[in-house]
1. I'm checking my understanding of the structure. Among residues of the stretch B:217-234 that are over 12 Å from the mean Cα position of the chain (by Cα) and in a loop (DSSP other than H, G, I, E, B), which one is farthest from residue B:38 (Cα to Cα)?
2. Hey, could you check the stretch A:58-83 for residues that are without any contact (Cβ under 8 Å) to a residue 40 or more places away in the chain and under 21 Å from the mean Cα position of the chain (by Cα) and say which is surrounded by the most Cβ atoms within 10 Å (Cβ to Cβ)?
3. For the stretch B:305-322, enumerate the residues that are more than 16 Å from residue B:287 (Cα to Cα) and part of a strand (DSSP E or B).
4. Only strands (runs of 3 or more DSSP E) wholly contained in the stretch B:235-302 count here; list those with 1 or more residues that are within 31 Å of the chain's Cα centre (by Cα) and surrounded by 13 or more Cβ atoms within 10 Å (Cβ to Cβ).
5. Which one is surrounded by the fewest Cβ atoms within 10 Å (Cβ to Cβ), of the residues in the stretch B:182-192 that are in contact (Cβ under 8 Å) with a residue 12 or more places away in the chain and not in a loop (DSSP other than H, G, I, E, B)?
6. Of (1) closer than 30 Å to residue A:226 by Cα; (2) under 28 Å from the mean Cα position of the chain (by Cα); (3) surrounded by 15 or more Cβ atoms within 10 Å (Cβ to Cβ), residue A:95 satisfies all except one. Which?
7. Would you kindly identify the helices (runs of 4 or more DSSP H) lying entirely within the stretch A:152-265 that contain at least 2 residues that are away from chain B (no Cβ under 14 Å)?
């Protein structure tokens, strides 16, 4: 094992304390949100913000879901996030395949444009984007948000996938060509399964970011029936501004899908982050 | 019929010509080995047959068909790669069946063919394993299975044994040669290992710097190398080569201060090249200590021993020759192994000399 991993007991202790402190910083608000979401009234939230709920009130979730139109918001968020995942995974994997495995005159330039997209925040390009979406008559529609959100995720996704695909032996692709595979078959049957960790990483990032996105829906959506959860929570806040126990229930509802998505994809996600660190 | 014919084939990358003008015929069912040092263009030649490299100029025929612009899948060619190139996410069965599936063959037919190929190569118990769970030799067999299952008209091998350990390499060498003979499929095998080339090929093509230097059976290349490069490339240890001259009357050859009469078989050639500089080549097995042979026509070289390599069945001795300022490689009896620093005289069998033009490096025509 490399020397960097051989820490003395004292060093290990320091590392553990730092990690523990970080975990506390992250988990404390989360734990508080769960506890408070189960409290029967706002008084208990203020009296004992970190105390256990008494009695445990599961009905807060049902109330938040039904009375504040959370079902619609949740569905809109799900439509946006899932559509973005499908769109980004398909477009980014095909783009990365062509850029990494079938280079052509100008492919480096296109890759550089994607790299610029990683650097430039999408908010800087909001004015022209707004005009484009308006011209396409996609303002105040989920499709408009889905397209803009997907486009904003493309550069980083292409970047991740190109790095992965470049790492795959050229001989595998050539073996497939000798076996009779045409480019789409090589992409579908060879490349895609081999970059599964990268695809999982891209899918997870896309899902979490589009689920949590507040700014783009705020700009492109006006009708509350099209609102995703992020905008719905704002509505909810206006409606139940003092009902903090209900707010917390709403927040937890909003967080659950991202946590589930992360748990489902975490194994692939971590192997995606560490892939290439070790020689096979 | 799957003979392969290169007609003035050129391969360039930009301004760099990696294959200069290749004319080569490979006969139907022949096992042709392409051999040469790294960067000589042997893999490029193989990849042009596979269709993985475009041909810049010239024509390539497989059978009667010109295949310059034919897609790899339509060439009826299978290739075994250096890294095996097995699909890591597929089982052995799926790896072997992949090419057949793409050809839309019925499933039961695919199963029959895969089972047959697996049986031939002893892979039946491994069919459900992933490549990760196989040893190097087993992976190599799967790569072979993937190639033979399609029953192609041409097999291509790109240094397939270079990742195996020495023992397995010898074993697989014999297996591949046996398989090729049994299936009777035209095969082209690329290697930089001349032992592989000598032991496996029906014929060998030696390439150097994008030029074909000689084509012939292993013995032809060994006994009558067409030029200095082939002479030194084929044979282990390397052939000894010394610069020399033919006397003005063409009757004698001198190497440094050593002079001897031209051997009978070279008389005409030396007459024709009288007075010219030449390279004189002699193989280590034709260079033995003065008391270990019964040759009639010899030249004696004296010097002292530099290095001794004991190989078990023989001893290779590096001797620095006085008056020649050159180290020659000789062989010696294992029971009379000299030690470094010893004075030693070796005799060269003049009937086994090789003479090459001093300027063109081509063999003198005898």
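1. B:224
2. So the residue we want is A:75.
3. Within the stretch B:305-322, B:310 is the sole residue that qualifies.
4. Fully inside the stretch B:235-302 and qualifying: B:240-246, B:252-255, B:277-282, B:287-289.
5. Here the answer is B:183.
6. Here residue A:95 clears every test but (1).
7. Details: elements: A:170-179, A:196-212, A:215-220, A:229-239.
By residue number, A:196-212, A:215-220, A:229-239.
Residue-by-condition table, conditions (1) touching a helix residue (DSSP H, G or I) at 6+ places or on another chain (Cβ under 7 Å); (2) more than 10 Å from chain A (Cβ to nearest Cβ); (3) on the phi > 0 side of the Ramachandran plot:
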position: B:60; (1), (2), (3): yes, yes, no
position: B:77; (1), (2), (3): yes, no, no
position: B:80; (1), (2), (3): yes, no, no
position: B:113; (1), (2), (3): yes, yes, no
position: B:133; (1), (2), (3): no, yes, no
position: B:139; (1), (2), (3): yes, yes, no
position: B:160; (1), (2), (3): yes, yes, no
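The values are calculated or read from the model by the stated rules, or taken from the named source; none is laboratory data. Quantities reported herein were computed from a predicted structural model and do not represent experimental measurements. Ideal geometry is used to build each Cβ from the backbone, glycine not excepted, and the neighbour counts take in all protein chains shown.
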